[in-house]
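The structure appears below as structure tokens.
The values are calculated or read from the model by the stated rules, or taken from the named source; none is laboratory data. Note that the coordinates shown come from a computational prediction; the quantities given were computed from them, not determined experimentally. Glycine also receives a Cβ, built like all others from the backbone with ideal geometry; neighbour counts cover every protein chain displayed. Areas reflect the complete protein model, heavy atoms only, side chains present, ligands, DNA and RNA absent. Shrake-Rupley method; radii C 1.70, N 1.55, O 1.52, S 1.80 Å.
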Amino acid sequence: RRHTRCLSDWSSDVCSSDLSDLRGTIIHFSRGAERLLGYTADEVVNKKPITILHDRNEITARVNELSALLGREVNMSGAFLTEIPNRDSYETREWTYVRKDKTTLQVQLVVSTITDKDKNITGYLGIAVDISERKAAEAALKFAKEQAEMANRLKSQFLADRKSTRLNSSHLGISYAV
């Protein structure tokens, strides 16, 4: 844990929080998390559930997805983050985090189990990296690609129309150079 705290304390786009159990109570909140999300550790540690950091609609969607996948009801208090790590030891997923001021940011969140020497799960470690800039760049690239494809279709249609017009004109005894 010490290494993770060190990394997340010095990085401005990484945050970590240990989750205590399925209740999802935050038991550690790094300096990186403070900078990214606007809360202080004193405001959240042992006082706030992890759900305050997540978009409500995404939590609901994930709970429904997991309930269908697992064939049983999954609760919204923290299990939406811990069900897969309980089974596979970790999970990586994109989420929308909600800052204290209610603005949002896109993160890549890795949740992994913390175990004791007997391999019993004692908690969870969450490491989130701000991917907002990457997502904005991906959206801009997608838009540029769509614009280029549309321009190419229009060019092809224009050339096909010109060829058709030239052929039709030649049948009328009219010719011109292209």
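What dipole magnitude, in Debye to the nearest 20, does the stretch 54-165 give about its Cα centre under +1 on Lys/Arg Cβ and -1 on Asp/Glu Cβ?
Working: 18 positive and 17 negative charges, 105 e Å.
Roughly 500 debye for the stretch 54-165.
Percent of Cα-Cα pairs more than 17 Å apart in the stretch 109-167, please.
Value for the stretch 109-167: 68 percent of Cα pairs lie more than 17 Å apart.
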Original post:
Treating the beta-carbon of each Lys and Arg as +1 and of each Asp and Glu as -1, no other charges, what is the dipole magnitude of the stretch 31-94 about its Cα centre, to the nearest 20 debye?
Top reply: 120 debye
**OP:** Quote to one decimal, in nm, the extra length available between residue 45 and residue 141 on full extension: 0.36 nm per residue of separation minus the C-alpha distance between them.
**Re:** 30.6 nm
Original post:
Which lysines, on any chain, are close to residue 119 with Cα under 25 Å apart, when same-chain ones fewer than 8 places away are left out?
Top reply: none
**OP:** Determine which aspartates and glutamates satisfy two conditions relative to residue 163: a Cα distance under 20 Å, and not lying fewer than 8 residues away in the same chain.
**Re:** none
Original post:
Which residues in the stretch 126-157 have a backbone N closer than 18 Å to a point placed 7 Å from the Cα of residue 103 along the Cα-to-Cβ line?
Top reply: 129-137
Subject >> Cβ-derived FRET efficiency at R0 35 Å, residue 56 paired with residue 112, nearest 0.05 >> reply: 0.90
Original post:
Past the 32 Å Cα-Cα mark, which pairs from 102/142; 135/155; 48/145; 48/135; 47/117?
Top reply: 48/145
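Kirkwood hydrodynamic radius, computed over distinct alpha-carbon pairs, for the stretch 61-116: how many Å, to one decimal? Mind showing how you got there, number by number?
Values: mean 1/r = 0.0804 Å⁻¹.
Every distinct Cα pair counted, the radius reaches 12.4 Å.
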Original post:
Just the accessible area for residue 35, please: 1.4 Å probe, Å², rounded to the nearest 10?
Top reply: 120 Å²
Subject >> Alpha-carbon Rg with Dmax, taken over the stretch 63-171, Å >> reply: 25.3, 88
Original post:
To the nearest 10 square angstrom, what accessible area does residue 127 show with a 1.4 Å probe?
Top reply: 40 Å²
**OP:** Scan around residue 54 for amide H atoms under 5 Å from its own, H built in the peptide plane at 1.01 Å from N, and keep only partners 5 or more places away or cross-chain.
**Re:** 98
Subject >> Overall form of the stretch 22-119 per C-alpha gyration tensor (a/c, 1.5; a/b vs b/c) >> reply: oblate
